[in-house]
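Input: a single structure, listed below in structure tokens.
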Amino acid sequence: MTFDLNIPSQLMAALLPDLLLMGGAMILMLVAAWKPESDEHQRLVGQGAMALIVGTIGAVIYMMMRGVTGSPGGVIAVDGFRWLVDIVVLLGALGTIALAIEHNRRDGITHPESHVLVLFAAAGMMILAAGRDLMVIFLGIEIMSVAVYVLAGLNRRSARSAEASLKYFLLGAFATGFLLYGIALVYGATGQTQIENIGLAVQKHNLVNNPMMLIGIGLMLVGMGFKVAAVPFHMWAPDVYDGAPTPISAFMAATVKTAAFAAFFRIWYDAFYFAFQGWGLATWWLAVITMVVGNVIALSQKNIQRMLAYSSIVHTGYLLVAVTSSSSLASTAFTFYVLAYTLATFGAFAVVATLQGSETDAPIAEYDGLWHSRPWLAVAMSVYLLALLGFPVFGGVGFFAKWYVLQAAISSPAGLTSLAVILVLTSVISAGYYLQIVRVMFMKTRPEGVREPGPVGGLTRSVLVVTAVLILALGLFPSRLVEVAGSNGFKLYPYSAALDIGRPRLPQ
Amino acid sequence: MLAESLALSALLFTIGVVGVLTRRNAIIIFMCVELMLNAVNLSFVALSQLYGASGQVFVIFVMTVAAAEAAVGLAIIIAIFRHRQSVNLEDINLLKG
């Protein structure tokens with residue numbers, strides 16, 4: 001059925017999963033404040049939050065199955081792309097809370113609100129996935145970011161956590177300024193905030209060479225670049241992922257990035273599609289610099305959390321390839337990729353959280369000979385790292401994720417073969433640090449006196465098992481998932497199917 | 001008036017950016033960020049002369065968000081002050097590498 005988004009009751013119905021999550025989160029906030037802080041209460045609220053997320057995933061799947069659509073020109077999108085991103089985001093939030101319940105106990109964090117903040121951040125991300133008006137997208141980004149600023153500083157006894165929070169906050173607010181000024185200039189050039197209407201205005205008035213429009217797009221690119229941690233706007237990411245509690249690092253590395261990229265995609269493809277001549281070269285270079293610099297710096301990291309932070313920067317580069325491609329395959333590649341990346345990242349951070357002592361950093365040396373003391377952890381970690389690398393068979397779904405991004409790049413109307421080649425070459429560099437860890441885990445002997453990891457809690461174990469099994473299973477049977485991702489893709493600019501976006505001047 | 005307002009807004013925004021990049025005190029950096037946001041508000045209000053009320057609606061949202069951000073941001077700055085007895089970014093250097 002089609003919702004008429006100008007009627008409030010139908011708009012509410014189109015926002016059903018979002019409203020369910022927000023309403024439930026507010027009730028849980030009251031529950032969290034009901035009793036004094038204690039570990040049991042923290043656990044209880046965490047379980048309630050997980051149940052709420054599962055319910056919301058159910059609502060999203062229900063909406064997806066019914067195949068609902070929205071009236072054109074609405075402030076929110078009602079399409080398959082939104083539901084797929086919602087599911088990935090909610091799975092990420094579920095994993096975060098599962099890891100955080102046990103991590104909080106170990107670090108002595110007893111604030112039950114921490115889980116509610118994850119829900120609020122997830123609500124912001126769902127708005128980002130749905131937003132079809134720059135106003136709504138701005139609000140989504142802020143609802144998400146403000147909650148995540150607090151989450152980064154969750155461990156109040158830790159100076160590192162407070163520092164991560166401050167850095168993230170200052171740079172995040174700075175980035176918001178750029179994004180907002182970009183929005184203001186785009187509004188100035190087109191007179192619209194609804195992104196479809198912006199797209200129409202760009203097409204109608206041929207604003208490709210309008211300086212106000214181009215500066216606006218550039219400033220929005222800077223703001224988005226900060227949010228997704230693209231080089232050269234990535235300086236905060238390693239520090240913040242290192243200092244924040246580990247489950248929150250996973251949340252920031254995977255889920256925040258997914259949501260920010262979803263909005264990035266929608267704005268760039270719906271609003272700025274016709275201005276490709278203006279931004280194609282900029283995202284091309286952003287993708288190349290991000291892939292090259294991220295991979296090279298990751299090689300020299302001694303701390304596993306910082307290495308994973310640089311690895312997440314590298315994956316931003318791969319996703320930027322999909323953005324630059326402007327191909328009809330881009331959205332399929334994107335949804336497939338973020339699912340694979342979310343699974344692998346959560347698994348890897350779950351292993352890091354298990355092995356890490358509280359309030360210390362996590363040197364890679366602690367992984368020497370892990371196979372000899374904790375074989376299953378070593379095997380699971382190998383699966384995640386190979387999935388991040390995009391290794392065939394053993395890396396499961398990670399291989400196909402990269403495959404589809406490459407296909408999107410090659411099938412691009414802009415001719416991005418050079419970008420595809422750079423992607424493959426930088427992936428080879430990334431083998432240097434992913435396989436290094438696999439090597440030390442299996443080949444080295446366990447050194448004397450290294451701290452043995454404590455027992456793995458039940459929730460952490462289920463995160464490890466579910467992510468590893470899903471990576472391998474989806475890697476063996478990817479066709480169904482590709483079908484879902486393809487049929488629920490982003491309807492790439494329906495009113496521009498016949499349009500030739502022209503051969504942009506990209507380096508060949 | 002429109003051109004002058006947009007020029008003033010661009011100038012204020014630039015002052016904010018330069019302030020964020022050159023100052024080292026977290027509170028002053030935060031004030032510069034607020035200056036950037038208010039410069040954007042000026043642009044929106046000026047542009048809504050041309051395009052109607054949607055720019056002004058945006059300004060209300062930006063002000064609300066800026067207030068929420070200020071509440072969280074100042075709390076974070078207090079949290080770091082309790083650990084380091086300083087809000088100077090040069091003293092805040094545990095995380096690097």
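The values are calculated or read from the model by the stated rules, or taken from the named source; none is laboratory data. As the structure is a computational prediction, the values presented were derived from the model and not from experiment. Backbone-built Cβ (ideal geometry, glycine too); neighbour counts: all protein chains shown.
Brief remarks on what is shown
- Residue selection: A:Y341 fails the criterion of being within 14 Å of chain B (Cβ to nearest Cβ) and at pLDDT 95 or above.
- For the range A:391-405, the set of residues classified as closer than 19 Å to A:A380 by Cβ and surrounded by fewer than 22 Cβ atoms within 10 Å (Cβ to Cβ) consists of A:P392, A:V393, A:F394, A:F399, listed by residue number.
- Filter result (under 11 Å from the mean Cα position of the chain (by Cα), facing chain A (nearest Cβ under 9 Å) and not hydrophobic (A, V, I, L, M, F, W, C)) within the range B:1-20: B:G16
- Residue that is nearest to the other protein chains (Cβ to nearest Cβ) [pool: residues in the range A:239-274 that are over 22 Å from A:I127 (Cβ atoms) and within 15 Å of the chain's Cα centre (by Cα)]: A:Y241
- Candidate set from the range B:21-33 (those that are within 20 Å of B:A79 (Cα to Cα) and at the interface with another protein chain (Cβ under 9 Å from one of its Cβ atoms)); member that is surrounded by the most Cβ atoms within 10 Å (Cβ to Cβ): B:V33
- Looking across the range A:292-325, the residues that are within 14 Å of another protein chain (Cβ to nearest Cβ), touching a residue at least 60 places away in the same chain (Cβ under 8 Å) and assigned to a helix (DSSP H, G or I) come down to A:A298, A:L299, A:I304, A:Q305, A:R306, A:M307, A:L308, A:A309, A:Y310.
- Some residue of the range A:7-15 being within 25 Å of A:A254 (Cβ to Cβ), part of a helix (DSSP H, G or I), within 26 Å of the chain's Cα centre (by Cα) and among the aliphatic types (A, V, I, L, M): no
- Residues considered: A:A362, A:A408. Of these, the only one that is surrounded by 24 or more Cβ atoms within 10 Å (Cβ to Cβ) and among the aliphatic types (A, V, I, L, M) is A:A408.
- Which numbered condition A:I289 misses (of (1) within 14 Å of another protein chain (Cβ to nearest Cβ); (2) at pLDDT 90 or above): (1)
- Whenever a residue of the range B:65-87 is under 14 Å from B:M31 (Cα atoms), its partners that are outside any helix (DSSP H, G or I), lying with C-beta atoms within less than 9 angstrom and at least six residues away or across chains, give the pairs B:I77/B:V87; B:V87/B:N25.
- Pairs linking a residue in the range A:1-23 that is acidic (D, E) to a residue that is part of a helix (DSSP H, G or I), with Cβ atoms under 8 Å and 6 or more positions apart or on different chains, are A:D4/A:Q10; A:D18/A:A123; A:D18/A:M126; A:D18/A:I127; A:D18/A:A130.
Residue-by-condition table, conditions (1) under 18 Å from A:L20 (Cα atoms); (2) surrounded by fewer than 21 Cβ atoms within 10 Å (Cβ to Cβ); (3) touching a residue at least 12 places away in the same chain (Cβ under 8 Å); (4) in contact with a helix residue (DSSP H, G or I) (Cβ under 6 Å, 6 or more places away or on another chain):
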residue	(1), (2), (3), (4)
A:G55	yes, yes, yes, no
A:S71	no, yes, yes, no
A:A93	yes, no, yes, yes
A:R105	no, yes, yes, yes
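- Apart from one condition, A:I143 fits all of (1) under 24 Å from A:F261 (Cβ atoms); (2) within 14 Å of another protein chain (Cβ to nearest Cβ); (3) in contact (Cβ under 8 Å) with a residue 24 or more places away in the chain; the exception is (3).
- Residues within the range A:148-169 that are surrounded by fewer than 24 Cβ atoms within 10 Å (Cβ to Cβ) and either within 7 Å of chain B (Cβ to nearest Cβ) or small (G, A, S) (or both), tallied: 5
- Within the range B:55-71, being surrounded by 19 or more Cβ atoms within 10 Å (Cβ to Cβ) and either within 8 Å of chain A (Cβ to nearest Cβ) or more than 15 Å from the chain's Cα centre (by Cα) (or both) holds for B:G55, B:F58, B:V62, B:V65, B:E69.
- Of the residues making up the range A:196-238, those that are among the hydrophobic types (A, V, I, L, M, F, W, C), over 22 Å from the mean Cα position of the chain (by Cα) and within 27 Å of A:A173 (Cα to Cα) number 5.
- Extreme residue, surrounded by the most Cβ atoms within 10 Å (Cβ to Cβ), among residues of the range B:40-53 that are under 21 Å from the mean Cα position of the chain (by Cα) and at the interface with chain A (Cβ under 7 Å from one of its Cβ atoms): B:V40
- Pick from the range A:174-187, criterion within 18 Å of B:I60 (Cβ to Cβ) and not aromatic (F, W, Y), ranking: farthest from the other protein chains (Cβ to nearest Cβ): A:L179
- Qualifying residue in the range B:25-34 (condition: among the hydrophobic types (A, V, I, L, M, F, W, C), farther than 30 Å from A:L151 by Cα and without any contact (Cβ under 8 Å) to a residue 24 or more places away in the chain): no
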